[in-house]
Amino acid sequence: MAGIAIITGASGGIGSIFTDRISAMEDIDEIWAVGRNPGKMEALGSAYPKVVPVVTDLSDGKCEVLSSMLKSSAPDVRILINNAGVGFMEAFDKMPVEHILQVCNINCTVPAVIMSAVLPYMTEGSRVINISSASSFQPNPYLAMYSASKVFLKNLSRAVNKELKSRGITVTSVCPGWVDTGMLPKEVNGRKIRFAGMIKPERVVDKALKDSAKGRDMSVPGFFAKYFRIYSKVTPTRIVMDQWVAIIGKYV
Ligand SMILES: NC(=O)c1ccc[n+]([C@@H]2O[C@H](COP(=O)([O-])OP(=O)(O)OC[C@H]3O[C@@H](n4cnc5c(N)ncnc54)[C@H](OP(=O)(O)O)[C@@H]3O)[C@@H](O)[C@H]2O)c1
């Protein structure tokens, strides 16, 4: 039976590549593409006939539009991609409360709420892909809220994956290093930023889809993120943080 896919943050970066790849899947006949920008969502709908644009801002953490769509159509959800995310590179003591709330709501509350709303409409073989980050491998000063939020999403995903084994549903946490998308600032305070080991979003998406199809609970694309995962496990956290501050401190 054909089913649907749901992708948040579908209009840009990693989300738009997921939309492209999933629209080619024969067992998916509709993609509910969630984004907040009406123009971008309309363009996505014109480019991909399977796309049903769901225009909504996820900042309040509620995703009510999606919940009511699920209730009214009771679809067979084959794939959920919790991809929308935000990050602010700034010192915590200068961070406005709105930024704190946005990171908590969009990176943590939204994926948890959507996963919970979608699970009743998933069956054996359905899969959830949650986009965490290599920032979840250690605390990142000046990206403190972001790295903390990605730890939340990684641990939530792996724990729920374990719980859902008996239902045959896989939850995969995707942890890329730097990815070449609009999320990364080209410069901060007039200084051009160099992102070590940056990879293309296509690489993240293709590996995530493969790993999730294999039932893996983690997907770590690219040499840099793989190396960093091991390095941060075997190196004292204070040293990893000092090295991070030495690299990133000059920009903030
Ligand atoms: N880029 C990296 O280096 C990197 C590394 C590791 C993990 N990630 C993660 O990958 C995911 C995708 O990021 P990306 O790099 O593809 O960045 P991106 O190009 O900025 O895409 C982020 C997407 O999230 C959407 N979004 C942001 N705030 C939203 C809101 N309030 N309501 C609805 N949608 C909202 C954006 O919509 P608009 O187009 O309307 O802004 C956009 O479609 C994020 O979870 C990010 O944390 C990124």
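The values are calculated or read from the model by the stated rules, or taken from the named source; none is laboratory data. Remember, predicted model here, so these are calculated numbers, not experimental data. Virtual Cβ from ideal backbone geometry, glycine too; neighbours counted across all protein chains shown.
Residues in the range 7-41 that are in a strand (DSSP E or B) and more than 12 Å from residue 53 (Cβ to Cβ) were compared, and the one that is nearest to the ligand (Cβ to nearest atom) is 8. Among all positions in the range 24-43, there is at least one residue which is closer than 21 Å to residue 170 by Cβ and touching a Phe, Trp or Tyr at 6+ places or on another chain (Cβ under 9 Å).
Need a quick list: helices (runs of 4 or more DSSP H) entirely within the range 189-250 having at least 2 residues that are in contact with a helix residue (DSSP H, G or I) (Cβ under 6 Å, 6 or more places away or on another chain) and surrounded by 12 or more Cβ atoms within 10 Å (Cβ to Cβ).
Details: elements: 201-213, 223-234, 237-248.
Where helices (runs of 4 or more DSSP H) fall fully within the range 189-250 and carry at least 2 residues being in contact with a helix residue (DSSP H, G or I) (Cβ under 6 Å, 6 or more places away or on another chain) and surrounded by 12 or more Cβ atoms within 10 Å (Cβ to Cβ), they are 201-213, 223-234.
Checking the stated criteria, residue 45 turns out to be surrounded by fewer than 23 Cβ atoms within 10 Å (Cβ to Cβ), farther than 26 Å from residue 184 by Cβ and within 15 Å of the ligand (Cβ to nearest atom).
Out of curiosity, is residue 89 farther than 23 Å from residue 55 by Cβ and of a type in the set (A, V, I, L, M)? Spelling it out, residue 89 is indeed farther than 23 Å from residue 55 by Cβ and of a type in the set (A, V, I, L, M).
When the range 165-185 is examined, which residues are found to be free of Cβ contacts under 8 Å to residues at least 24 places away in the same chain and away from the ligand (no atom under 15 Å from the Cβ)?
Filtering the range 165-185 for residues free of Cβ contacts under 8 Å to residues at least 24 places away in the same chain gives 165-166, 180, 184.
Result: 165, 166.
Does the range 47-56 contain any residue that is more than 22 Å from the chain's Cα centre (by Cα), under 24 Å from residue 209 (Cα atoms) and in a helix (DSSP H, G or I)? Checked the range 47-56: at least one residue is more than 22 Å from the chain's Cα centre (by Cα), under 24 Å from residue 209 (Cα atoms) and in a helix (DSSP H, G or I).
The C-beta contact set for the range 108-127 (first residue touching a residue at least 24 places away in the same chain (Cβ under 8 Å) and over 16 Å from residue 32 (Cβ atoms), second residue charged (D, E, K, R) and surrounded by fewer than 20 Cβ atoms within 10 Å (Cβ to Cβ), distance under 8 angstrom, 6+ apart or interchain) comprises 123/76; 123/167; 124/167.
Of all residues in the range 109-156, those satisfying the criterion of being among the hydrophobic types (A, V, I, L, M, F, W, C) and near the ligand (Cβ under 9 Å from one of its atoms) are 110, 131, 134, 153.
For the range 65-182, list the strands (runs of 3 or more DSSP E) that sit wholly inside it and hold at least 2 residues that are surrounded by 19 or more Cβ atoms within 10 Å (Cβ to Cβ) and of a type in the set (Ser, Thr, Tyr); which are they?
Those strands (runs of 3 or more DSSP E) span 170-174.
When 228, 223 are checked against the criterion of being within 13 Å of the ligand (Cβ to nearest atom), modelled with pLDDT of 95 or more and aromatic (Phe, Trp, Tyr), a single residue qualifies: 228.
Of the residues making up the range 186-205, those that are within 11 Å of the ligand (Cβ to nearest atom), within 15 Å of residue 247 (Cβ to Cβ) and of a type outside the set (A, V, I, L, M, F, W, C) number 1. In the range 48-99, the residue that is nearest to the ligand (Cβ to nearest atom) out of those that are free of Cβ contacts under 8 Å to residues at least 60 places away in the same chain and under 19 Å from residue 20 (Cβ atoms) is 54.
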